[in-house]
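Input: a single structure, listed below in structure tokens.
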Amino acid sequence: MGSNFNVLDFEKVAHFLMKDKSSEEEAFIRTAVGRIYYSVYLVIRAKAKTKNFREMKNSRLGGIHEQLIEYLKNISGDENCARKISKNLSSLKKLRTDSDYESSKVEKKHFDLAIDLFKDIKLTAENSDWKF
């Protein structure tokens, strides 16, 4: 991604996808949930890298997404903030994973939950070095 791209614009894309959509347009909902997740994930990952977070290849924790969530869970200093972000990011990741890989119905309530998690992460980060 270019250095001028604001990843938080993914949230705008998600809202655009959901504008005037009926609950039957599941592909839009699934895609919107994914965009919400990546808007937060990319911001938090960039912030974590400024705090010396590094992906570990062949980690027992799995991929970078799981490693980031675990890193946040165990960070010292801003523990309550980072732990809450970790918990919400994990929930948002599950929504995104289900939207991408599961065949069970994904409904507007899943998008609404993704937005609530996004807002909670942003609010939690507001008065900390995780602010975005």
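Nothing in this text is a laboratory measurement; each read-out follows from the coordinates by a stated rule. Everything numeric here is computed off the predicted structure, so don't read it as measured data. Counting neighbours? That spans all protein chains shown, and the Cβs are built from the backbone with ideal geometry, glycine included.
Values computed for the structure shown
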| read-out | value |
| --- | --- |
| Note, ³J(HN,Hα) from phi for segment 32-37, Karplus 6.51, -1.76, 1.60, rounded to Hz, x at Gly and Pro | 5, 4, x, 5, 4, 4 |
| Label point distance in nm, Phe16-Ser104, each placed 7 Å from Cα along Cα→Cβ | 3.1 |
| Ranking of Glu11, Glu25 by count of other Cβ atoms within 10 Å, fewest first | Glu25, Glu11 |
| Partners for Lys84 among lysines (Cα-Cα distance below 16 Å; same-chain residues under 8 apart left out) | Lys47, Lys73, Lys93, Lys94, Lys119, Lys122, Lys131 |
| For segment 118-127, 3J(HN,Hα) per residue [Karplus equation, 6.51 cos²θ - 1.76 cosθ + 1.60, θ = phi - 60°, Hz, x = Gly/Pro] | 4, 5, 5, 4, 5, 5, 4, 6, 3, 9 |
| 222 nm mean residue ellipticity, helices alone, for the chain (DSSP H n ≥ 4; -39,500 (n - 2.57); rounded to 500) | -22000 deg cm²/dmol |
| Mean separation of Cα contacts under 8 Å, 6 or more apart, over the residue count of the chain: relative contact order % | 28 |
| Segment 24-64: C-alpha gyration tensor shape, a/c 1.5 cut-off, then a/b vs b/c | oblate |
| Inter-centroid distance (Cα atoms) of segment 5-48 relative to segment 99-127, Å | 9 |
| Highest average packing first - 38-46, 92-100, 120-128, Cβ atoms within 10 Å | 38-46, 92-100, 120-128 |
| Simple spin-label estimate for Arg60 and Phe132 in nanometres, 7 Å along Cα-Cβ | 2.9 |
| Percent of Cα-Cα distances greater than 17 Å, calculated over the chain | 58 |
| Karplus-derived HN-Hα couplings along segment 10-20 (A = 6.51, B = -1.76, C = 1.60, θ = phi - 60°), whole Hz, x at Gly and Pro | 4, 5, 5, 4, 4, 5, 4, 4, 8, 5, 6 |
| Cα-based helix-to-principal-axis angle, 79-101 vs the chain, degrees rounded to 10 | 40 |
